[in-house]
Each structure stands twice: as structure tokens, then as C-alpha cells.
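K.L.:
Got a structure for you, questions after.
We did not get these values from a lab; they are worked out from the coordinates using the rules stated. Please read all numbers here as calculations on a predicted model, not as lab measurements. Glycine also receives a Cβ, built like all others from the backbone with ideal geometry; neighbour counts cover every protein chain displayed.
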Amino acid sequence: MALTRTKFILPEDRIPRVWYNINADLPVPLAPPLHPGTLQPVGPDDLLPLFPMALIGQEMSAEREIEIPDPVRQAYAMYRPSPLYRAHRLEKALDTPAHIYYKYEGVSPAGSHKPNTAIPQAFYNKEEGVTRLTTETGAGQWGSALALAGALFGLEVMVYMVRASYDAKPGRRVLMQMYGADVVASPSELTNYGRSVLAETPDTPGSLGIAISEAVEDAATRDDTRYSLGSVLNHVLLHQTVIGQEVMEQMEMAGEKPDILIGCTGGGSNFSGFAFPFVGQKLRGEADYRFIAAEPAAAPSLTRGIYHYDFGDTGKMAPIVKMHTLGHDFVPDPIHAGGLRYHGMAPQVSLLKDQGIIEARAVPQGRTFDAGRQFTRAEAILPAPEPTHAISVVIDEALKAKEEGSSPVILFNLCGHGHFDVSSYDRYLAGQLEDYELPQERIDHALETVPAV
């Protein structure tokens, strides 16, 4: 009996040779980032205390393709190209005529898509003589990736891990430490900003905005150190486009074209890396797709935030960017998808939402874990809590297809595994998982802090 094909795998020589820069195809230019002190557009010199010049150039580039250095491609070869799967068993479980595919980024050593940008960021910093990097992490996926990249290129790494995740996910902390990184719960006593937050709210669960402020302060006060960010910024999203480029080739192998592309969104790197090459085709008039960004109902920046200039961090140290935001003072409830607990969204993703190129959908925590369990039982992979938001939307669209008698091709990014999230699943199975409802007054209060720019 002939086997039904499940996996679509590319050889190592098909690792992309360039990153795709969506800035070349955006329908309108991005609004410029502003200096947090002067409120004037930032230039390269303003960013030098935080980033190496190579990354600053990529951040501001309008070139459609940027070459990937050979040492970065060689490091990618540890886990790239990642596999594409046809979800036959999930289709059967849902009794849907839809065809469901997923790109699986959990095969990286860090267990997620995050090394796709951690590796080049470490490479470029090393090339410019930097010896130490600081960063923040929510669920720990990004911190693990940068710790891995630091080990590969011989850099010290200091990780400020959001307190809620530091307490809930010790496994991630241990992995970072095994790679050689230093890890501290944020807010911490190591920075002026961390100490000020603890003095005011000693029992705070922390947030990515707070942790970013600590990491930025640390980097800005040391000559040997630069800051590294795992999402939101243009160059970060750029590096992630190796995902979408591989998927395009793998879907050709499968003999199908996607109708709907779905990804979870916190800061935007996973969704962007997966979807942007396809978005580019749509913007250039070469193809048409539907894009859905799935976000947590507890931090719904795209669906309930405003499109406005705001600080990227709580301490007002990072540049001000135009994005969908809930206000930089917004501290999300301690949901288990720690990587999605951010008050804002990447400017490029925000612009596409504002222009109607992509859709957004907010999903409550309980529904995401229901979807994660259904996916695990069908496909045998335990997903991280973050991509369960995408899986929930995938299931909704597949059931809608069943009702309508249509057979769309649904493609989503399974951006990481949940092996370090078993305590969260344990709470879910025990019926102890909170399903946070976000009152509008909390959003209204946070939005009062948005700068009048």
C-alpha cells in the first residue's frame, strides 16, 4: 500500500540565501520611529548605543532582498529547513473537507522559531566587537534562542525574564543557563528601573514592557554591551522570513496553494516570518491570500488597541513607534502564553492591519488550550501555548468550511513545541486554568498614557 504523504522536507542547500524585506512592497511607508526624549525621527547614531551598525542598516533598509551571511546560513543548518506537515489526522478528527498544513519550527535546538533572528543578531554583534548582549524574554523561547546564539558565537548573554514566566517555567530558565546565559526575574534589583517598579508594586507579575526597559538600561550603561530584541523591530521580522520562503517551496512540493494563512501574534515575529513572503506576493498583485493574526484576548492589541505612536517599553527608554497598542503602561494578566504578553505590535504588522491587508482575531485562554489538546491528540505534537491561538482559529476555519461545503487550503505556523509548558497544561487538565476577561476600563486607563504625538 502506498503511504499518504505527510512531510515535505527540503535539503540543506535550499536554506534561503536572502531575507525578504516587506518594506519594499508596503502600500504606504512606515511612520518613522521617534526619539523618546526629543520626539524627533531617530537616525542611525541614535541607535548605536543599542545595536550594531549592520542591524541598524537592516532596520532602515528598503531593499527587497538582503543577503544572508554564510556563517549564519551554516548555523541555520543545525535545524533548517524545517518540515512542513499535512495535518491528515486533524482533518479527519474535525471531519472537514479543508486541507490543513503546518510549518513546524519546534525542531530548532531552542524549540521555537526564535533562533532565526537570534543567530544573525549574535553574528553581527560579534563582527563589530561586542562581547555581551542583554535581552528580555516572556515565555522563555526568545531568551533560550539568544542564549543558544551567544554560545555559538562566544558572547555573554544577560536575560531579564518576566516574573510570571520565571516562576511558572523553570525549565526554560535552566535551558538558558545551560547555554551559559545569566537569567534574572524581571523586575529585578539590578537596574534603576527594576528597583523603581518593585518599590511601587512589589508583587507585580512583570511584563515584557518592563523587562525591555531593564535590558535597554543595562545595555545603554555598558560599553561592551548591546541590546537584542526578539520581536517587533523591522530587522527581527526580516530575519524570520526564512520560514515563509521555505513554505512557498514546500507548498509547491505538495502541489497546493494556500487560501488562508494563520499565525499567532504577540510582538509579530512568528506571524511575519511565516506570512510576509506571501503578503509580498499579494501586495505586488502576484497572488491573493487571506491572512489571520491570532492574539490572546488578555492582550488584544490588534483587535482592541489603537493605531498610534507609543513607547515600546514601560520605562520610556526605547524609541517611540507607530503601532497598534494598549498603552505602554498596560500589564497583561499572567496568561500561560507568556510570549504574547506584550502591549504593542510590530509597526509593519500594525500597518498591514490598518490597511486591511490582514485580519486579526482574539482568542480566550481556555479555548486555546482546548485547541492545543485537540491538536496533540490528532497530530501527536504538544504545541507551545502561543501557537495554540493559531490552532484555535485553524479549527474554527476548518469547521466553517465543513458547514459551507468548501475545501480551502489552510496553512499555519506551529512556531514552537510545548515541552517546557507542561505545568501550564497540568493546570489546564486539572481545571485550574484562568480565563481572563479584559475589562474595557483597563484598556481605557492604559491608553491615557499614550504620548500626544
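K.L.:
Beyond 15 Å, how much of the Cα-Cα pair distribution for the stretch 104-180 remains, as a whole percent?
P.N.:
That tail contains 49 percent of the Cα-Cα pairs.
K.L.:
Here's a follow-up. Against the longest alpha carbon principal axis of the chain, how many degrees, from 0 to 90 and to the nearest 10, is the axis of helix 115-127 turned?
P.N.:
40
K.L.:
Sequence neighbours fewer than 8 away in the same chain don't count; with that in mind, list the lysines whose C-alpha is under 24 Å from K92.
P.N.:
K7, K103, K257, K400, K402
K.L.:
Could you size up the charge dipole of the chain around its Cα centre, putting +1 on the beta carbon of Lys and Arg and -1 on that of Asp and Glu, and report it in debye to the nearest 20? Mind dumping the intermediate values first?
P.N.:
Numbers: 38 positive and 56 negative charges, 217 e Å.
That gives a dipole near 1040 debye.
K.L.:
Taking only the Cα atoms of the stretch 57-200, how large is their convex hull per residue, in Å³? Please report the intermediate quantities before stating the final value.
P.N.:
Numbers: hull volume 26.7 nm³, N = 144.
Value for the stretch 57-200: 185 Å³ per residue.
K.L.:
Once you have the Kirkwood Rh of the stretch 237-301 from its Cα pairs, apply Stokes-Einstein at 37 °C and 0.692 mPa s and quote D in µm²/s.
P.N.:
Result for D is 266 µm²/s.
K.L.:
Okay, moving on. Taking 45 Å as R0, compute the FRET efficiency from the Cβ-Cβ separation of E156 and E12 and round it to 0.05. Numbers along the way, then the final one.
P.N.:
Details: r = 30 Å, r/R0 = 0.66.
My answer for the efficiency is 0.90.
K.L.:
Right, something else. Please give the net charge around G263, taking every other residue with its beta carbon less than 12 angstrom from that of G263, where Lys and Arg add +1 and Asp and Glu add -1. Present the calculation step by step, with values, prior to reporting the outcome.
P.N.:
Numbers: positive: K103, R361; negative: E105, E295, E359, E386.
That sum, taken over residues with Cβ under 12 Å, equals -2.
K.L.:
Which Rg and Dmax, in Å, describe the Cα atoms of the stretch 259-376?
P.N.:
Values for the stretch 259-376 (Cα only, Rg and Dmax): 14.5, 43 Å.
K.L.:
Using the scaling law 2.2 N^0.38 Å as the reference, what is the normalised Cα Rg of the stretch 21-126? All intermediate terms of the calculation are to be shown ahead of the outcome.
P.N.:
Working: Rg = 19.3 Å, N = 106, 2.2 N^0.38 = 12.9 Å.
The stretch 21-126 yields a ratio of 1.49.
K.L.:
For the chain, report the % of Cα-Cα distances exceeding 44 Å.
P.N.:
Beyond 44 Å sits 5 percent of the P(r) for the chain.
K.L.:
Counting pairs of Cα atoms in the stretch 47-92, how many percent are more than 14 Å apart? If you can, show how the numbers build up before the last one.
P.N.:
On the way: 727 of 1035 pairs.
Cα-Cα pairs of the stretch 47-92 separated by over 14 Å account for 70 percent.
K.L.:
Rounded to two decimals, what ratio of Rg to Rh does the stretch 333-399 give with C-alpha atoms and a Kirkwood Rh?
P.N.:
1.01
K.L.:
Using the Cα centre of the stretch 1-77 as origin and beta-carbon charges of +1 (Lys, Arg) and -1 (Asp, Glu), tell me which of P16, P36, L3 is placed farthest towards the positive end of the dipole.
P.N.:
L3
K.L.:
Determine, for each peptide in 236-244, 201-209, the mean count of other beta carbons within 10 angstrom over its residues, then list the peptides with the highest first.
P.N.:
Values: 236-244: 27.2, 201-209: 20.6.
Highest-to-lowest ranking by the protection proxy: 236-244, 201-209.
K.L.:
Still on this structure, please answer the following. So, in nm, how far is label D224 from label K400 when the simple model puts each one 7 Å beyond its Cα toward the Cβ?
P.N.:
5.4
K.L.:
In nanometres, what is the gap between the two model label sites at T131 and L429, each 7 Å from Cα along Cα-to-Cβ?
P.N.:
4.7
K.L.:
Hey, another quick one. If you fit an axis through the alpha-carbon atoms of helix 385-404 and take the longest principal axis of the Cα set of the chain, what angle between them do you get, 0 to 90°, nearest 10?
P.N.:
That helix lies at roughly 30 degrees to the long axis.
K.L.:
Also: Give the lysines whose C-alpha is closer than 19 Å to that of K353, dropping any in the same chain fewer than 8 places away, or say none.
P.N.:
K282, K322
K.L.:
Here's something else I'd like to know. Stretch N192-H35 to full length: gain in nm at 0.36 nm per residue minus the Cα-Cα span?
P.N.:
Values: separation 157, 0.36 × 157 = 56.52 nm, distance 2.06 nm.
Gain on stretching N192 to H35: 54.5 nm.
K.L.:
Once Rh for the stretch 168-241 is found with the Kirkwood sum over Cα pairs, what is the Stokes-Einstein diffusion coefficient at 4 °C and 1.567 mPa s, in µm²/s?
P.N.:
Working: Rh = 13.9 Å.
In µm²/s, the coefficient is 93.
K.L.:
Please report the relative contact order for the stretch 270-363, taking Cα pairs under 8 Å with a sequence separation of at least 6, and give it as a percent rounded to a whole number. Write down the numbers at each step before the final one.
P.N.:
On the way: 143 pairs, mean separation 30.1, N = 94.
Rounded, it is 32 percent for the stretch 270-363.
K.L.:
Quick one: dipole size for the stretch 336-375, taken about the Cα centre, charges +1 on Lys/Arg Cβ and -1 on Asp/Glu Cβ, in debye to the nearest 20. Walk me through the numbers on the way to the answer.
P.N.:
Values: 5 positive and 3 negative charges, 29 e Å.
The calculation lands at about 140 debye.
K.L.:
Pop the C-beta distance of E437 and M1 into the FRET formula with R0 = 41 Å and round what comes out to the nearest 0.05. Kindly include the intermediate steps, with their values, before the conclusion.
P.N.:
Numbers: r = 50 Å, r/R0 = 1.23.
E between E437 and M1, to the nearest 0.05, is 0.20.
K.L.:
Could you state the orientation-averaged shadow area of the convex hull built on the Cα atoms of the stretch 349-453, in nm² to one decimal? Intermediate values should be presented prior to the final figure.
P.N.:
Numbers: hull surface 38.8 nm².
For the stretch 349-453, the mean projected area of the Cα convex hull comes to 9.7 nm².
K.L.:
Let me ask something else. From the alpha carbon gyration tensor of the stretch 135-283, can you work out the equivalent ellipsoid semi-axes (sqrt of 5 times each eigenvalue) and give them in Å, largest to smallest?
P.N.:
Values: eigenvalues 220, 54, 42 Å².
The equivalent ellipsoid of the stretch 135-283 has semi-axes of 33, 16, 14 Å.
K.L.:
Give the distance, in whole Å, between the Cα centre of the stretch 385-453 and the Cα centre of the stretch 1-47.
P.N.:
23
K.L.:
Same structure again: Exactly which GluC sites (Glu not before Pro) in the stretch 1-87 are in a DSSP loop and have at most 15 other Cβ atoms within 10 Å?
P.N.:
Details: sites: E12, E59, E63, E65, E67; in loops: E63.
Taking the stretch 1-87 and a limit of 15 other Cβ atoms within 10 Å, the loop GluC sites (Glu not before Pro) found are E63.
K.L.:
Label E63 and D182 with points 7 Å out from Cα along Cα→Cβ: what is the distance between them in nm?
P.N.:
3.6
K.L.:
In the stretch 342-453, if the dipole is taken from +1 on Lys/Arg beta carbons and -1 on Asp/Glu beta carbons about the Cα centre, which of V349, L438, A390 is farthest to the positive end?
P.N.:
Farthest towards the positive end: A390.
K.L.:
Shifting gears a bit: Whole-Å semi-axes of the stretch 7-67's equivalent ellipsoid, largest first, each the root of 5 times a Cα gyration tensor eigenvalue?
P.N.:
On the way: eigenvalues 191, 47, 18 Å².
Semi-axes (√(5λ), whole Å): 31, 15, 9.
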